[in-house]
Amino acid sequence: MARNKIALIGSGMIGGTLAHMIGLKDLGDVVLFDIAEGIPQGKGLDIAQSSPVDGFDSRLTGVNDYAGIEGADVCIVTAGVPRKPGMSRDDLLGINLKVMEQVGAGLKKYAPKAFVICITNPLDAMVWALQKFSGLPKSHVVGMAGVLDSARFRYFLAEEFKVSVEDVTSFVLGGHGDSMVPMIRYSTVAGIPLPDLIKMGWTSKEKLDQIVQRTRDGGAEIVGLLKTGSAFYAPAASAIAMAEAYLKDKKRVLPCAAHLSGQYGVKNTYVGVPVVIGAGGVERVIEIELGKAEQKMFDNSVAAVQGLCEACVKIAPQLA
Ligand code: A3D
């Protein structure tokens, strides 16, 4: 059986980390693409030289021409610019929208059958624009944010409760921005919901509120520490979980920025919701019942995303 071909559009901090993880996990051959000459080739060669040590056979190549991604099974898009301290994700919209137009054209021409995972920020608006620019099926264009936001929430909760991260599950819904909605009710330790853990004296409502806020600010906390860019290890790991779910038809239930066509009462918008990812791409959007306060937060988040999409249409009217 031929090996999977995984194209990484953008070979910066996340792109390089993705390539290394794909090698270590033996998920397939990797093509690194970037407009910067030498970067994808250099990172590809460096990681390839680690393969004899780590014992993987993935072939890694670097290219500056979209022809190199031809026939890719999965494309992970990180092309564009990241935040610097003081910037919001939304400040990146103008520059990264133009990048999505180029990436969309490349995907349409060379990888129309791929499962595409977008990471470029502002995430929900960029994945929406990328699907339109590329014309690929909505089931095959998805955004990575919820897996990362949930992982941050899980990590902070595991620290608070002094239990293994493996036993903490959580859901974060809505857009990947300040309006994201960490779902307390649906977050558990080995099946015990967080509200019950408050009753059991494991934590307090105040402490939980602080953790929710730290999750919302999770990206900014790392930008503030790194100063020259944004998080890349956890974002890469999160996208790999999504790629693996597709390539291995795992039918994993993961929170992703998925296209809504009426679910949750929302149309023509990408926003973070739980979905099933398998060989068919996004095979199902799972609609959970929201309480009054949750619905309000979700609606605010959707409105923020839709505002960004309207700003995209002003710059690129063909997206309307
Ligand atoms: P960085 O290390 O700067 O890599 C971006 C790469 O894109 C660079 O190598 C650029 O040369 C390349 N690039 C720029 N323009 C183009 C183009 N037109 N075509 C192809 N390549 C191009 O950034 P990074 O890897 O740290 O982050 C990449 C993106 O992910 C940024 O937009 C971040 O904001 C975003 N990000 C999203 C999350 C989410 O959870 C959604 C988390 C972290 C970062």
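The values are calculated or read from the model by the stated rules, or taken from the named source; none is laboratory data. Everything quoted here is computed from the prediction, not taken from an experiment. Cβ: placed from backbone, ideal geometry, glycine included. Neighbour counts: every protein chain shown.
Tell me, yes or no, whether region 152-167 has at least one residue that is at pLDDT 95 or above and among the small types (Gly, Ala, Ser).
Within region 152-167, one or more residues are at pLDDT 95 or above and among the small types (Gly, Ala, Ser).
Output the residue which, of all residues in region 24-71 that are in contact with a Lys or Arg (Cβ under 7 Å, 6 or more places away or on another chain) and touching a residue at least 60 places away in the same chain (Cβ under 8 Å), is nearest to Val99 (Cα to Cα).
Among them, the one singled out is Gly71.
Quick one: which residue in Ala145, Ala114, Ala151, Ala129 is in contact with a helix residue (DSSP H, G or I) (Cβ under 7 Å, 6 or more places away or on another chain) and more than 22 Å from Thr269 (Cα to Cα)?
From the options Ala145, Ala114, Ala151, Ala129, the qualifying one is Ala151.
Of all residues in region 82-135, which are within 12 Å of the ligand (Cβ to nearest atom), modelled with pLDDT under 95 and farther than 15 Å from Gly175 by Cα?
Pro82, Arg83, Lys84, Met87, Asp91, Leu92, Ile95
Could you grab me the full set of residues in region 44-69 that are loosely packed, with under 14 Cβ neighbours inside 10 Å and under 13 Å from Ala7 (Cβ atoms)?
Answer for region 44-69, where residues must be loosely packed, with under 14 Cβ neighbours inside 10 Å and under 13 Å from Ala7 (Cβ atoms): Asp65, Ala67.
Is it true that Val276 is out of contact with any helix residue (DSSP H, G or I) (no Cβ under 7 Å at 6 or more places or on another chain), more than 14 Å from the ligand (Cβ to nearest atom) and without any contact (Cβ under 8 Å) to a residue 40 or more places away in the chain?
Against the criterion (out of contact with any helix residue (DSSP H, G or I) (no Cβ under 7 Å at 6 or more places or on another chain), more than 14 Å from the ligand (Cβ to nearest atom) and without any contact (Cβ under 8 Å) to a residue 40 or more places away in the chain), Val276 qualifies.
Of all residues in region 1-22, count the ones that are more than 9 Å from the ligand (Cβ to nearest atom) and either surrounded by fewer than 24 Cβ atoms within 10 Å (Cβ to Cβ) or of a type in the set (S, T, N, Q) (or both).
7
For region 88-95, check the following and say yes or no: at least one residue is touching a residue at least 12 places away in the same chain (Cβ under 8 Å) and assigned to a loop (DSSP other than H, G, I, E, B).
Yes, the conditions are met somewhere in region 88-95.
Within region 53-80, which residues are over 23 Å from Gly38 (Cβ atoms) and touching a Leu at 6+ places or on another chain (Cβ under 8 Å)?
Answer for region 53-80, where residues must be over 23 Å from Gly38 (Cβ atoms) and touching a Leu at 6+ places or on another chain (Cβ under 8 Å): Asp54, Phe56, Asp73, Val74.
Determine the pairs where a residue that is charged (D, E, K, R), located within region 122-150, has a partner that is assigned to a strand (DSSP E or B) with Cβ atoms under 7 Å apart, the partner being 6 or more residues away or on another chain.
Hits for this filter: Asp124/Gly143; Asp124/Ala257; Asp124/Tyr270; Asp124/Val271; Lys138/His259; Asp149/Val172.
Inside region 4-50, can you point out the residues that are within 22 Å of the chain's Cα centre (by Cα) and in a loop (DSSP other than H, G, I, E, B)?
Passing the criteria: Asn4, Gly10, Ser11, Gly12, Lys25, Asp26, Leu27, Gly28, Asp34, Ile35.
Can you find a residue that is closer than 26 Å to Phe232 by Cα, within 16 Å of the ligand (Cβ to nearest atom) and of a type in the set (Lys, Arg) anywhere in region 147-159?
Checking region 147-159: at least one residue is closer than 26 Å to Phe232 by Cα, within 16 Å of the ligand (Cβ to nearest atom) and of a type in the set (Lys, Arg).
It is to be established whether one or more residues within region 178-189 are part of a helix (DSSP H, G or I), without any contact (Cβ under 8 Å) to a residue 40 or more places away in the chain and either surrounded by 24 or more Cβ atoms within 10 Å (Cβ to Cβ) or away from the ligand (no atom under 16 Å from the Cβ) (or both).
No: region 178-189 contains no residue that is part of a helix (DSSP H, G or I), without any contact (Cβ under 8 Å) to a residue 40 or more places away in the chain and either surrounded by 24 or more Cβ atoms within 10 Å (Cβ to Cβ) or away from the ligand (no atom under 16 Å from the Cβ) (or both).
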